[in-house]
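Comments concern the structure below.
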Amino acid sequence: MQKPYADLSGKHALVTGASSGIGRAIATQLHHQGAELVIAARRLERLEELASELSGARPLALDVRDPSAVQAALGQESFDIVVANAGLGRGLDSIQEGSIEDWSAMLDTNVKGLLSTIRATLPAMIAKKSGDLVLIGSVAGRQVYPGGNVYCASKHAVKAIYEALRIDAFGNRVRITTVDPGIVETEFSLVRFRGDEERARGVYEGLQALQPDDVADAVLWAVTRPAHVNIGEIVLWPTDQASTTLVRRQ
Ligand SMILES: NC(=O)c1ccc[n+]([C@@H]2O[C@H](COP(=O)([O-])OP(=O)(O)OC[C@H]3O[C@@H](n4cnc5c(N)ncnc54)[C@H](OP(=O)(O)O)[C@@H]3O)[C@@H](O)[C@H]2O)c1
């Protein structure tokens, strides 16, 4: 297979949330470019199935909500590329009717889990004065939409963490990137609506959504630029989506 981007042979890469959707596509594309992979998520059987397709990829059962487990699993490794992708949405209730349990799931995963992943892996990048840290944010980190409240807050936090990292890690030659997609067709809505397939399908109906490979393509482009180029923010939308509230459906 022809490699569309620079060769990543010899690069050690981590993708969290690699058992599904965007993370799975990023892992697959990094593998095709030659990177050695650690693929992390909670569902080990899914990771093992993916690892059987991506020879040499190492599955890692990891819940990013457990900071000690994240530190123990990742803190001793030295990655060249870290993609902090694990995340989820839960429900679309108003704040006044919202579930505190759902809020905790989103904040613990999307914000604290992302921070634990960074805390465990960034020091090694700083020590060797190179590396790519890619955050998967969202357009929900830039605009709020009805019912999006706490999910949007979690992704606004990702954008703030991205901006803070650019300052905190500055001077160490570590490149920080945030990739912020609009609607991507994945299991995201199935998780958000707790397995309600019909409701989840409705999110993508009549619309040509982004596909996980479109997001992976943006990540691959960012991490294969020359060392002096840091792609900061990539915002990608489906052509049929103008904002978080304006979607064209056939
Ligand atoms: N789909 C969209 O429209 C869209 C748009 C913008 C941004 N995003 C963001 O893209 C990222 C990936 O989402 P997706 O669309 O690919 O959804 P997805 O298909 O549901 O994949 C989510 C991934 O995150 C993992 N994950 C969830 N909780 C985790 C935890 N506690 N510990 C470790 N891994 C965990 C899941 O694995 P396990 O369940 O096996 O742990 C799964 O691999 C998320 O951060 C999401 O917010 C999605």
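The values are calculated or read from the model by the stated rules, or taken from the named source; none is laboratory data. All figures in this text were calculated on a predicted structure; none of them were measured in a lab. Backbone-built Cβ (ideal geometry, glycine too); neighbour counts: all protein chains shown. We work out accessible area using only protein heavy atoms, side chains counted, and drop any ligands, DNA or RNA first. Shrake-Rupley method; radii C 1.70, N 1.55, O 1.52, S 1.80 Å.
A few points about this structure:
- In the context of the full set of protein chains, the chain has a per residue accessible area of 47 Å² (1.4 Å probe).
- Signed unit charges on C-beta, dipole axis of segment 12-247, positive-most listed residue Ile100, Gln211, Ala73: Ala73
- With the convex hull drawn around the C-alpha atoms of segment 130-250, the volume per residue stands at 105 Å³.
- Charged side chains reduced to their Cβ positions (Lys and Arg at +1, Asp and Glu at -1) give segment 123-176 a dipole of some 180 debye around its Cα centre.
- Inter-probe distance in nm under a simple model that places probes 7 Å from Cα toward Cβ, at Val235 and Ala6: 2.7 nm
- Accessible surface of the chain [probe 1.4 Å, protein heavy atoms]: carbon and sulfur percent: 51 percent
- Spin-label model distance (nm) - Ala127 vs Tyr145, 7 Å beyond Cα toward Cβ: 4.2 nm
- Annotation: amide H-H contacts under 5 Å for Gly17 (H modelled 1.01 Å from N, sequence separation of 5 or more, or interchain): Ala40, Ala41, Ala86.
- Stokes-Einstein D (µm²/s) once Rh is taken as the Kirkwood radius of the chain over alpha-carbon pairs, at 4 °C in 1.567 mPa s: 71 µm²/s
- Cα gyration tensor category, rounded, prolate or oblate, for segment 2-81 with a/c compared to 1.5: oblate
- Sites matching trypsin sites (Lys or Arg not before Pro) across segment 175-211 that sit in DSSP coil, with at most 13 neighbouring C-beta atoms within 10 Å: Arg194
- Around the Cα centre of segment 1-145, unit charges on the Cβ atoms of Lys, Arg, Asp and Glu (plus for the first two, minus for the last two) sum to a dipole of about 420 debye.
- Estimated from the Cβ-Cβ distance and a Förster radius of 30 angstrom, the FRET efficiency linking Gln208 and Arg43 is about 0.60.
- Under 5 Å, built H, 5+ apart or other chain: amide partners of Glu233: Thr178
- The magnitude of the dipole of the chain, with charges of +1 and -1 set on the Cβ of Lys/Arg and Asp/Glu and taken from the Cα centre, is near 700 debye.
- Spin-label proximity, Arg248 to segment 191-219 - amide N less than 18 Å from point 7 Å beyond Cα toward beta carbon: 204-211
- Length gained when the stretch Ile100-Arg199 is fully extended (0.36 nm per residue, less Cα-Cα span): 33.4 nm
- Residues whose placed amide H lies under 5 Å from that of Arg173, excluding near-sequence neighbours: none
- Lysine pairs within the chain, Cα separation less than 17 Å, 8 or more sequence positions apart or different chains: 5
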